[in-house]
């Protein structure tokens, strides 16, 4: 099961890749990236297309999280948390 959030987060990078993210004042160290994919939404709407870069990450001792970067807005979001 999972729960949807779509809340803004801050993502930290190093030269080797994704390091951590902050959500609701808490720090989550990324242990590994489980998946990486791109999606395009809204190509049919008058508001225009939105392109997202999605990551599924395992945070050190804290679970599995789906994150995405809205490339139109240039912001990162927490999409869902997996139980």
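The values are calculated or read from the model by the stated rules, or taken from the named source; none is laboratory data. Small disclaimer: the values here were computed from a predicted structure and weren't measured. We place every Cβ from the backbone using ideal geometry, glycine too, and count neighbours over all the protein chains shown.
Quick notes on this one:
- Looking only at segment 4-17, residues that are modelled with pLDDT of 95 or more and more than 11 Å from the chain's Cα centre (by Cα) come to 2 in all.
Yes/no per residue for (1) surrounded by fewer than 11 Cβ atoms within 10 Å (Cβ to Cβ); (2) in contact with a strand residue (DSSP E or B) (Cβ under 9 Å, 6 or more places away or on another chain):
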site	(1), (2)
14	yes, no
22	no, yes
28	no, yes
32	no, yes
39	yes, yes
64	no, yes
71	no, yes
82	no, yes
